[in-house]
Amino acid sequence: MKKNFSIGITGSIGSGKSEFTKLAEQSGFPVIRADDLSKKILDTNPDVRKQVIKKFGNQAYINNQSNNKYLAQIVFSNPIKLRELERILHPLVIKEIEKQKKEIFKKSKILFIESALIYEADLENLFDYVVLITASREIRLKRKLMQGMTEEDFSKREMNQIPDDEKKKRADFIFLNDGSISELKSKFDLLLTLLSVKS
Ligand SMILES: CC(C)(COP(=O)(O)OP(=O)(O)OC[C@H]1O[C@@H](n2cnc3c(N)ncnc32)[C@H](O)[C@@H]1O)[C@@H](O)C(=O)NCCC(=O)NCCS
Ligand SMILES: Nc1ncnc2c1ncn2[C@@H]1O[C@H](COP(=O)(O)OP(=O)(O)OP(=O)(O)O)[C@@H](O)[C@H]1O
């Protein structure tokens, strides 16, 4: 293998991208989760906190923690507000990914990066390859209902995401995750074979 690879993992809500990322982690590969970075920045960056309170009010934080339920209620019902929150967070998330990527590539040739919004946020150039995890709406909804999300909250989030048909045109690899986790693991192993990577 000649160079370092960064592999983006994306998919619509409930598709199973976190499960796929977990498989990469369990196989010993370094992983970055954009969502976790975003949450950490939202919680701990004082300048972000100032900007978020200015746009969304004092209720955006409870004690020292971001009030995600409150923010979710606002932004997923109002695309303008969502863009405002994204404009505050995304540049910092991208900067942090780039920083961590450099460090990780000193020790590893492969890096998996999970991000729900690779196409929505135009992040494609952060990755050598993008893996799209898919499942029917019915299955994705069922999974999120099982996790305690309401159908209304699911639909509001989904409405702010690019449809799978469009994502499929842009992804390098597409894996359907409508079976068991062990079937998903076989697909993960297939990806390693296709990329000539050994865990
Ligand atoms: C509004 C917030 C605080 C709500 O947090 P909450 O814990 O309820 O949801 P969480 O972040 O875990 O998201 C769950 C799912 O919602 C969907 N989702 C999250 N952000 C977005 C978005 N900007 N656009 C579309 N869908 C989104 C994804 O499918 C994601 O996996 C949070 O989603 C947020 O800060 N979003 C804006 C920043 C962002 O774009 N983050 C995504 C990765 S960088
Ligand atoms: N093949 C599968 N078999 C059984 N359960 C699954 C499978 N894939 C995912 N799940 C479950 O469905 C739920 C949603 O999966 P996951 O969190 O991986 O999706 P996601 O794409 O990361 O979702 P989100 O966009 O909400 O972050 C989780 O509880 C997960 O364990």
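For (1) in a loop (DSSP other than H, G, I, E, B); (2) open to solvent by less than 50 Å² (accessible area, probe 1.4 Å), each residue gets a yes or a no:
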| site | (1), (2) |
| --- | --- |
| 118 | yes, yes |
| 122 | yes, no |
| 157 | no, no |
| 174 | no, no |
| 182 | no, no |
| 193 | no, no |
Within the range 38-49, residues being open to solvent by 90 Å² or more (accessible area, probe 1.4 Å) and either basic (Lys, Arg) or touching a residue at least 40 places away in the same chain (Cβ under 8 Å) (or both) number 1
| query | Out of all the residues in the range 147-154, is one or more without any contact (Cβ under 8 Å) to a residue 24 or more places away in the chain, away from ligand 1 (no atom under 15 Å from the Cβ) and not β-branched (Val, Ile, Thr)? | reply | no
Residue check, residue 79 open to solvent by 50 Å² or more (accessible area, probe 1.4 Å), out of contact with any Ser or Thr (no Cβ under 8 Å at 6 or more places or on another chain), more than 26 Å from residue 21 (Cβ to Cβ) and within 10 Å of ligand 1 (Cβ to nearest atom):
yes
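Examine the range 51-71 for a residue that is part of a strand (DSSP E or B), in contact with a strand residue (DSSP E or B) (Cβ under 7 Å, 6 or more places away or on another chain) and of a type outside the set (S, T, N, Q), and state whether such a residue exists.
No, every residue in the range 51-71 fails to be part of a strand (DSSP E or B), in contact with a strand residue (DSSP E or B) (Cβ under 7 Å, 6 or more places away or on another chain) and of a type outside the set (S, T, N, Q).
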Contact list, first residue from the range 11-37 and under 21 Å from residue 102 (Cβ atoms), second anywhere and part of a loop (DSSP other than H, G, I, E, B) and open to solvent by less than 30 Å² (accessible area, probe 1.4 Å), beta-carbon distance below 6 Å, six or more apart or interchain, is 30/108; 34/115
Boolean, residue 188 is aromatic (Phe, Trp, Tyr), in contact with a helix residue (DSSP H, G or I) (Cβ under 8 Å, 6 or more places away or on another chain) and outside any loop (DSSP other than H, G, I, E, B)
yes
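The values are calculated or read from the model by the stated rules, or taken from the named source; none is laboratory data. This one's a predicted model, so the numbers in the text were calculated from it and none came from an experiment. Quick reminder, even Gly has a Cβ in these numbers, built from the backbone with ideal geometry, and neighbours come from all protein chains shown. For the accessible areas, the whole protein counts, side chains as well, though only heavy atoms, and no ligand, DNA or RNA atoms are used. Shrake-Rupley method; radii C 1.70, N 1.55, O 1.52, S 1.80 Å.
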